[in-house]
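Visitor: Mind having a look at this structure? Questions to follow.
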């Protein structure tokens, strides 16, 4: 069986540079780090949110609260699956009312994850604004959602898989793409099922 | 990891991994109960029927709230105001309600096996909220969640269940669950309130409360069912209190950092003194809060398990 063609899109240094740039852009756009909080979508969005917060700290010397969020309870496809996804802990240990929330995820694809996250954030309070930072924007949006800060834009086919690996979760740091072009034909229905799902 | 069955009828055949999954999920749901808006949209469109053939305060309200917190539509059935008083059978009742399109049924019934019987007549997911003297799985799950929160794990803990072992479904579910999770379990009560072949539980059996609780970590005190006294199973309430009641003096026999539990409703001054029930080591109200989280977890994990063949 031929293996899918795997390309590395970003290495450790590339990711570090993207995070540094995003941190600067966030500070510029919000005129500093006052009234700023970050919420990362589990699992790798949370890793990236912590990194951005650390970077902002090293630039401005301000500690930004970082929350974690599991969006599975807010998904729009919970009833179309046989088994429910395992829920991880949502930890937002600060008040978000009237603050600027930066939502962080690893890959932006259909936008459905972000829709779920927005709904959940609003249940915690009414922030002044919600901004979206992603490491990779791979297109194929199914909802009117756009990112405010992007590490890298990557044109993809819908069936491609973009995977972000972080040191905290995967013991390695890179972004890879599995091009679907070489995938065996029997894999295709599985890909179709993913449409609208969470997979990126 | 997932649950194997689409029903929760008891803990007797539930594995350690399944119990861990339910308890871990319940921990994440505890956080939702603390939010300003205590509601997530997960079970939108799911309708749950709470079918209570026996009176209940905690379990019924806890299930109803759990359903509402998950955005399910819930309806509650009380036997006294229903056509059951006109003689309608359980099967007809539930099939008629299912014809109005429900997805899950939570049932409490005085007959052992009623939840299992329901799984044979309807397509909905069935959750046992207490059947006769058989099982009360969500109660045991919330007890284990409460213990696990305090000690981190159930492995190797000495847990003593005191009271009417013969008639208590809470004791049975606790025995199965605690043993599966690696706790060392003992039961204690008057010999007239021990079931036949009690040794088949595979737990330590005591009729002397002091011996039973010596060196225990957790004491879970069952309600003495006042109606049993009329049946002559023990001479008097006062004697029961003297022999089996948990008093402050008896607590000295327990391990340091011990825990007192009671599934409710309490008979203060009979199986437990107010001093013990309201003491620092009592986690009775925490049990109630955890109950809601556990029921949310069970509803969540079973929902959607529809098409699967048994």
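The values are calculated or read from the model by the stated rules, or taken from the named source; none is laboratory data. Just so it is clear, the model here is predicted, and its values are computed rather than measured. Cβ: placed from backbone, ideal geometry, glycine included. Neighbour counts: every protein chain shown.
Visitor: List the residue pairs whose Cβ atoms are under 9 Å apart, where the first residue sits in region B:283-304 and is more than 19 Å from residue B:3 (Cβ to Cβ) and within 10 Å of chain A (Cβ to nearest Cβ), the second is at pLDDT 95 or above and crowded, with 22+ Cβ neighbours inside 10 Å, and the two are 6 or more positions apart or on different chains.
Guide: Cβ pairs passing all conditions: none.
Visitor: Turning to a different aspect of this structure: List the helices (runs of 4 or more DSSP H) that sit entirely inside region B:111-184 and contain at least 2 residues that are outside the structural domain of residue B:21 (by TED's automatic domain parsing).
Guide: Per the criteria, B:137-151, B:169-180.
Visitor: Which one of these does residue B:275 not meet: (1) in a helix (DSSP H, G or I); (2) crowded, with 21+ Cβ neighbours inside 10 Å?
Guide: Looking at each condition in turn, residue B:275 falls short on (2).
Visitor: Could you list, in sequence order, all residues of region A:90-115 that are farther than 19 Å from residue A:50 by Cβ, surrounded by fewer than 23 Cβ atoms within 10 Å (Cβ to Cβ) and within 15 Å of the chain's Cα centre (by Cα)?
Guide: Result: A:110, A:111, A:112, A:115.
Visitor: From the residues in region A:119-146 that are surrounded by fewer than 19 Cβ atoms within 10 Å (Cβ to Cβ) and touching a strand residue (DSSP E or B) at 6+ places or on another chain (Cβ under 7 Å), which one is farthest from the other protein chains (Cβ to nearest Cβ)?
Guide: A:129
Visitor: Out of the residues in region A:73-96 meeting the condition of being in contact (Cβ under 8 Å) with a residue 24 or more places away in the chain and assigned to a helix (DSSP H, G or I), tell me which one is farthest from the other protein chains (Cβ to nearest Cβ).
Guide: In this case the residue turns out to be A:74.
Visitor: Evaluate the following for residue A:99: is it out of contact with any helix residue (DSSP H, G or I) (no Cβ under 6 Å at 6 or more places or on another chain), away from chain B (no Cβ under 14 Å) and farther than 26 Å from residue A:175 by Cβ? Steps first, answer last, please.
Guide: Details: out of contact with any helix residue (DSSP H, G or I) (no Cβ under 6 Å at 6 or more places or on another chain): yes; away from chain B (no Cβ under 14 Å): yes; farther than 26 Å from residue A:175 by Cβ: yes.
In short, yes.
Visitor: Name the single residue that is nearest to residue B:102 (Cα to Cα) among those in region B:27-66 being in a helix (DSSP H, G or I) and within 14 Å of chain A (Cβ to nearest Cβ).
Guide: Selected residue: B:66.
Visitor: (1) within 14 Å of another protein chain (Cβ to nearest Cβ); (2) out of contact with any strand residue (DSSP E or B) (no Cβ under 7 Å at 6 or more places or on another chain): which one isn't true of residue B:84, the others all being true?
Guide: Result: residue B:84 passes all but (1).
Visitor: Separate question: How many residues, within region B:4-22, are assigned to a helix (DSSP H, G or I) and within 13 Å of residue B:174 (Cβ to Cβ)?
Guide: 1
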